[in-house]
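Asker: Encoded as structure tokens, here's the structure I'll be asking about.
The values are calculated or read from the model by the stated rules, or taken from the named source; none is laboratory data. Bear in mind the structure is a predicted one, so any value in this text is a computation, not a measurement. Because the Cβ atoms are built from the backbone with ideal geometry, glycine has one as well, and the counts that use them run over all protein chains shown.
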Amino acid sequence: MSPQQIGLPWPELNDGLTYKDVVSSSDSELTTVSDYYYTKYKSSAPLLGWIQRIQNGQIQVDGEVVEDPNTLLRSGSKLVYHRLPWKEPDTPHLLDILYQDHDLIAFNKPSGLQVLPGGLFQQRTVLTQLQWCFGESHPVPVHRLGRGTSGILLCAKTKLAKTKLSAYFAEGTSLVGSGNMGQECGTVRKISKIYRALASGIVEEDEVVIKQPIGVARYPGVAKGLYVASSEGKPSFSKVIVLERDRQRDCTLVKVEIQSGRPHQIRIHLAFIGHPLVGDPLYVAGGQPKSVDPDLVDATTTPFAQDGGYRRPNQAVPGDCGYHLHAHEVEIPNLLDTHKVVKVVAPLPPILQTSYLAEEEEEKGLSSFKLS
């Protein structure tokens, strides 16, 4: 393994999960253990699924395993639910180091690797690799990239760096919709983020500014809702610049600068203007998912899996891969000397290189950072 990489192979099964709860006085009134879990965690399993988990011996009440779903609970009871280990989907495990100093480390995250635990991916994440490779004082991601998105992921090595970097990302988003659009109004934003993407269809304009708000809609299999283009959503801003048009393959290579950091923003914005990312399994023209049927969003109708939980929905979900989106460049102030700028560049995947500059861009990718 290159000294500029970190990462350990994943074990066959993860360690499972443990969830702890304390029964409150309002919850305990004539409540059984099965009713408690079904009422509080409906998105995890239907009632029959929770009964199955209890009968499997996966739940403890005050340190004792209970297998009777009708066991009554009392106020103050301590509950523990053990989710059984499972094999997570195949996932890359290596991270390239692009830049690091006393406060900051920047990685080139591969497509297919999730940043933080969620859904099926509880162990196979960037966070786990950081814990394994750096120990207790491991760096912490200060922003997210979608599982299918590759490129620059910034991680803080100190508490002060985490505070500052998180503030930089939050500030850039807060400027949008406040009447102060960064450099357009004379204010210099502290962080600049440039992506490279492959959009479907031919974007005829050389430059497109997208200000479509992004909100949340109900969607099967996504408990907290799916981010979509919505007039009732939060302000968002993307600047799209065309780099190359491929009329034979009916796609457009674009550079995208975002001045806000809404979840799935680039995927939604490009889809909103009629050019969803090539290979995107979820978003289609208009910035909406491929299929949303209000009559099908009740997860309680979904058959449950062997461990009692819901099966993966048939519809695409946000973490699905297949699209081409790369966090290519990031510029931030040097945390020790804000008069200097740290610029980090992640080498481009071949499919996101312009045909006439492929060799030159490949050479530039070998120089991963610049301090000015």
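Asker: For L226, are the conditions met, namely being within 18 Å of G148 (Cα to Cα), modelled with pLDDT of 95 or more and buried (at least 17 other Cβ atoms within 10 Å of the Cβ)?
Answerer: No: the conditions fail for L226.
Asker: Of all residues in the stretch 207-232, how many are under 11 Å from P289 (Cα atoms) and small (G, A, S)?
Answerer: The number of residues fulfilling the criteria is 2.
Asker: Among the candidates L95, L73, L113, which residue alone is hydrophobic (A, V, I, L, M, F, W, C) and under 16 Å from the mean Cα position of the chain (by Cα)? Let's see the steps before the verdict.
Answerer: Working: L95 fails: under 16 Å from the mean Cα position of the chain (by Cα); L73 fails: under 16 Å from the mean Cα position of the chain (by Cα).
That would be L113, the only listed residue that is hydrophobic (A, V, I, L, M, F, W, C) and under 16 Å from the mean Cα position of the chain (by Cα).
Asker: While we're on this one: With respect to S24, is the statement that it is surrounded by fewer than 13 Cβ atoms within 10 Å (Cβ to Cβ) and either at pLDDT below 95 or closer than 24 Å to P220 by Cβ (or both) true?
Answerer: Yes: the conditions hold for S24.
Asker: Here is a follow-up. Could you run through the stretch 258-283 and say how many residues are farther than 17 Å from G319 by Cβ, at pLDDT 95 or above and surrounded by fewer than 24 Cβ atoms within 10 Å (Cβ to Cβ)?
Answerer: Number satisfying all stated conditions: 5.
Asker: Could I ask something else about it? Might you check whether a residue that is of a type in the set (F, W, Y) and modelled with pLDDT of 95 or more occurs anywhere in the stretch 313-327?
Answerer: Yes: one or more hits.
Asker: Is at least one residue of the stretch 294-311 at pLDDT below 95, touching a helix residue (DSSP H, G or I) at 6+ places or on another chain (Cβ under 9 Å) and within 25 Å of K162 (Cα to Cα)?
Answerer: No; the residues of the stretch 294-311 include none that is at pLDDT below 95, touching a helix residue (DSSP H, G or I) at 6+ places or on another chain (Cβ under 9 Å) and within 25 Å of K162 (Cα to Cα).
Asker: How many residues does the stretch 192-236 contain that are in contact with a Pro (Cβ under 8 Å, 6 or more places away or on another chain) and either aromatic (F, W, Y) or not in a strand (DSSP E or B) (or both)?
Answerer: Count: 12.
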